[in-house]
Amino acid sequence: MASSQKFIIVAIDGGAASGKSSTSRGLSERFNFLHVDTGSFYRAVTYQLRQAGENPAEAASIAQALKTFKLGTLITGRDAMIKINDWVPGDEIRSQEINESVSLFAAVPAVRGFLLDYQRDQATVARENSFDGLIMEGRDIGSIIFPDADHRFFLQADLEARAQRRISEGQNDKIAERDRLDSTRKISPLVCPAGATLIDSTYLSLDEVVDLIAKKIQAD
Ligand code: C5P
């Protein structure tokens, strides 16, 4: 039987290692939302473009290569993962090479255009799979993908705290450089959109951030 409960869309944006993924996962558990990590989409597309020998400076060639990518979605638990021509990404999209090139490919308009409707369509995927809502994290979710989301949050934390998170995950990731590229690109830059709730998680635990956002969602 269809639920009469309102389907809720939550947008979470923020810089690299700002705690978006852990927070979004915690909230997806609490509210039975589909969790969509759009950073993994950009990483997966970057991986496949690199495999195809593409270079971020060659926009026309990238646009051609993208035409050969057929997208699908695989749901595991409450996580939606992108499929490109039946390839489901794994740890290879978290490598140093991808960390270093993803922001360059993500700044190419053809790449952003390629993922635009696919990201919006995740709301339909969530509905069709009986989730009570969608929680999508990225850089431009509250500004471009779902500017009318029911809730929009922007997570930030001091650079040092964020760098420490990546080191404890065993990752080699120049997060300040990625943030610089992401916030200065011409198309869909990383911004805290007007009207979004800004949360500084530098001195908060994961549970505290999840609780804070959960209260705001429940208050509606
Ligand atoms: O979230 P994560 O750090 O894995 O994202 C990897 C990269 O993907 C970001 O640094 C950014 O360049 C790109 N990205 C984006 N827009 C999004 C999500 C990620 O440009 N909505």
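Worth a mention:
- Region 83-95: number of residues that are on the phi < 0 side of the Ramachandran plot, away from the ligand (no atom under 13 Å from the Cβ) and not charged (D, E, K, R): 4
- Taking each residue of region 172-184 that is more than 17 Å from Glu97 (Cα to Cα) and in a helix (DSSP H, G or I) and looking for partners that are at pLDDT below 95 and more than 8 Å from the ligand (Cβ to nearest atom) with beta-carbon atoms closer than 9 Å, six or more apart or interchain, yields Ser183/Val191.
- Note on region 197-217: among residues that are open to solvent by less than 20 Å² (accessible area, probe 1.4 Å) and either assigned to a helix (DSSP H, G or I) or at pLDDT 95 or above (or both), the one that is farthest from Ala16 (Cα to Cα) is Ile217.
- Among residues of region 74-99, those that are in contact with a helix residue (DSSP H, G or I) (Cβ under 9 Å, 6 or more places away or on another chain), closer than 26 Å to Asn32 by Cα and open to solvent by 70 Å² or more (accessible area, probe 1.4 Å), counted: 1
- Single unsatisfied condition, Glu137 versus (1) within 20 Å of Leu74 (Cα to Cα); (2) away from the ligand (no atom under 13 Å from the Cβ): (2)
- Close pairs (7 angstrom Cβ cut-off, 6 or more residues apart or separate chains): over 17 Å from Ala63 (Cα atoms) and hydrophobic (A, V, I, L, M, F, W, C) in region 95-110, in a helix (DSSP H, G or I) and modelled with pLDDT of 95 or more anywhere: Ile98/Arg43; Ile98/Thr46; Ile98/Tyr47
- Residue count for region 154-173 satisfying the condition of being at pLDDT 90 or above, of a type outside the set (A, V, I, L, M) and open to solvent by 60 Å² or more (accessible area, probe 1.4 Å): 3.
- Members of region 29-53 that are closer than 23 Å to Ser130 by Cβ and surrounded by fewer than 23 Cβ atoms within 10 Å (Cβ to Cβ): Glu29, Arg30, Phe31, Asn32, Asp37, Ser40
- Arg127 at negative phi, away from the ligand (no atom under 12 Å from the Cβ) and touching a residue at least 60 places away in the same chain (Cβ under 8 Å): yes
- Region 10-27, subset farther than 15 Å from Ala161 by Cβ and among the charged types (D, E, K, R), residue nearest to the ligand (Cβ to nearest atom): Asp13
- Tabulated pairs, region 50-63, first free of Cβ contacts under 8 Å to residues at least 60 places away in the same chain and more than 17 Å from Glu100 (Cα to Cα), second assigned to a loop (DSSP other than H, G, I, E, B) and open to solvent by less than 50 Å² (accessible area, probe 1.4 Å), C-beta under 8 angstrom, 6+ apart or interchain: Ala59/Val108; Ser61/Glu54; Ile62/Glu54; Ile62/Pro56; Ile62/Val108
The values are calculated or read from the model by the stated rules, or taken from the named source; none is laboratory data. From a predicted model like this one, the values you see are computed outputs, not experimental measurements. Cβ: placed from backbone, ideal geometry, glycine included. Neighbour counts: every protein chain shown. Each accessible area value is taken on the protein alone, full model and side chains, heavy atoms only, with ligands, DNA and RNA left out. Shrake-Rupley method; radii C 1.70, N 1.55, O 1.52, S 1.80 Å.
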